[in-house]
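Read-outs throughout are calculated quantities, based only on the coordinates presented, and are distinct from any laboratory measurement. Since we're looking at a predicted model, the values are computed, not measured. When we count neighbours, we look across all protein chains shown, and the Cβ atoms used for this are built from the backbone with ideal geometry, even at glycine.
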Amino acid sequence: MAREDNRRGRERDETPEFQDRLVAINRVSKTVKGGKRFGFAALVVVGDQKGRVGYGKGKAKEVPEAIRKATEQAKRQMIRVPLREGRTLHHDVNGRHGAGKVVMRTAPQGTGIIAGGPMRAVFEMLGVLDVVAKSIGSQNPYNMIRATMDGLGKEASPRSVAQRRGKKVSEILPKEEA
C-alpha cells in the first residue's frame, strides 16, 4: 500500500506544472419570463512554458466554473511546438482561421515578445522569449488564438524535416559563409 502511494506521488511530481492565462470573458444574457438569465463564456490558454500549449473555452452560469471548464479543455487539447534554442521559432510561419490571419517571425535574442493581446498569451504560455507577430484581419480573440495555433502547428524543426526527407540535419540547414 505504501509503495503504491509512493508511486502515485512520484507520478504527480513528474507531470509538468501548467500555467494558465485567462484571455477573454464574455457575459451573455437570455431574456426569460421572469427577467434576464446571465451566463459566462471564458477563453483560457494553458502551457508549460517549455514548448507545449493549448487553448480551451468554457461556458457556465458562474465565472469560476466557466474558467475551470476552459482550463480542463485546454489541457486536453495541448500541442507540442519545437523551439529553436528554447526561445524562438525555427522559421517564419503564417496561420489563419476564418477572417483571422497571423504572421509570426523568428527574432534575435533580446527582442522579446512583440505581439498583441491573445497572441501574447499563447507565446508566454508556450515559453517563447523572442518573436515578432502581427495579426491581420479579425480582432476576435477566439479567431486570433485559433489562427496562432494553426500557425504553430505548421512549425517544424530541422531535425524533423531531415528525418522526413531521409537526410542529415547539416544537409538541411543553410551553409554559413565564413
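Here are the numbers for this structure:
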| item | result |
| --- | --- |
| With at most 16 neighbouring Cβ atoms within 10 Å, loop GluC sites (Glu not before Pro) (DSSP) excluded, longest segment of the chain | 86-175 |
| Out-of-range pairs (alpha-carbon distance over 26 Å; input Lys57/Lys154; Lys59/Lys134; Lys61/Lys154; Lys75/Lys101) | Lys59/Lys134; Lys61/Lys154 |
| Structure-based [θ]222 nm, the chain - -39500 (n - 2.57) summed over DSSP H runs of at least 4, per residue, nearest 500 | -10500 deg cm²/dmol |
| Exposed-site-free run, longest, the chain (rule: trypsin sites (Lys or Arg not before Pro); DSSP loop; at most 13 other C-beta within 10 Å) | 62-153 |
| Contour excess over end-to-end distance, with Cα ends at Leu22 and Lys75 and 0.36 nm allotted per residue | 17.7 nm |
| Shape of the range 81-168, Cα gyration tensor, a/c cut at 1.5 | oblate |
| Ranking of Met78, Met125 by count of other Cβ atoms within 10 Å, fewest first | Met78, Met125 |
| Length released on extending from Lys50 to Ala156, taking residue separation times 0.36 nm less the Cα-Cα span | 36.6 nm |
| Radius 15 Å from Cβ of Ile136, net charge of other residues (Lys, Arg +1; Asp, Glu -1) | +3 |
| The chain - share of DSSP beta bridges that are antiparallel (%, nearest 5) | 95 |
